[in-house]
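The values are calculated or read from the model by the stated rules, or taken from the named source; none is laboratory data. All values derive from a computational prediction rather than experimental measurement. Every residue, glycine as well, gets a Cβ built from its backbone with ideal geometry; the counts of neighbours run over all protein chains shown. When the accessible area is computed, the model is the full protein with side chains, heavy atoms only, and any ligands, DNA or RNA have been set aside. Shrake-Rupley method; radii C 1.70, N 1.55, O 1.52, S 1.80 Å.
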Amino acid sequence: RKTESIADTVSLKHTYSGVNPLVDLTARAYYTATDLRQKDILDEGFGRRRSFDVSTIGGELYNVATFDAFGTTNTTTVGGDAFRDHVETVDDAGLAGNATPPGNREVYGAYVQHSIERGWLEVIGALRFDAYHLSGVVEETGEAVDKNGSAVTPKITAAVTPVEGLTFYASYSEAYRPPSLTETLIQGEHPPPAT
């Protein structure tokens, strides 16, 4: 099998700060794409073609504000991020969707985190909202798939520094991970030993 692959990555980042301690803004955008093309050059499949086009476009925006109040040092981070996956597959034999099914996925989230520090004690609390929308078609069955989901997850951390250079942490957090296209739209039999 003859294989050709092209991978592209573009990333832009901009920061804006220095006006006052309440503004330290960062914005980032990115694009990645992989174009993989295969052609059978041996055996009975001679001339069959298969291609995978996978792309992701996304970005994030967040601000870090620092201020002092009531004898404490405070840091508040507020932000959001989002990305979109797009997958196209073509296969003369109709097998490309077995491992890399075509479809679209949008994932987005927003968060706020606040840190309060006073002397030897620091407490950090955060909340994050995540959501996704996934769509595609299971080629083998023709079944249309359209899934959505969302969650709000917390985080709390306490740090104690009894002496310089020694810090003890206690933390609790939850996370939410949306499914990928391959986890949701995969078709056909799984490779052994799974059934």
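Return the pair list, or none, for Cβ contacts closer than 9 Å from residues in the range 107-121 that are charged (D, E, K, R) to residues that are open to solvent by less than 70 Å² (accessible area, probe 1.4 Å) and not in a strand (DSSP E or B), at least 6 apart or on different chains.
Note: pairs meeting the criteria are Arg118/Gly71.
Please enumerate the residues belonging to the range 146-186 that are open to solvent by less than 40 Å² (accessible area, probe 1.4 Å) and touching a Gly at 6+ places or on another chain (Cβ under 9 Å).
Result: Thr157, Pro178, Pro179, Leu181, Thr184, Leu185.
Kindly list the number of the only condition in (1) assigned to a strand (DSSP E or B); (2) of a type outside the set (Ser, Thr, Tyr); (3) at pLDDT below 95 that fails for Glu140.
Result: Glu140 fails condition (1) only.
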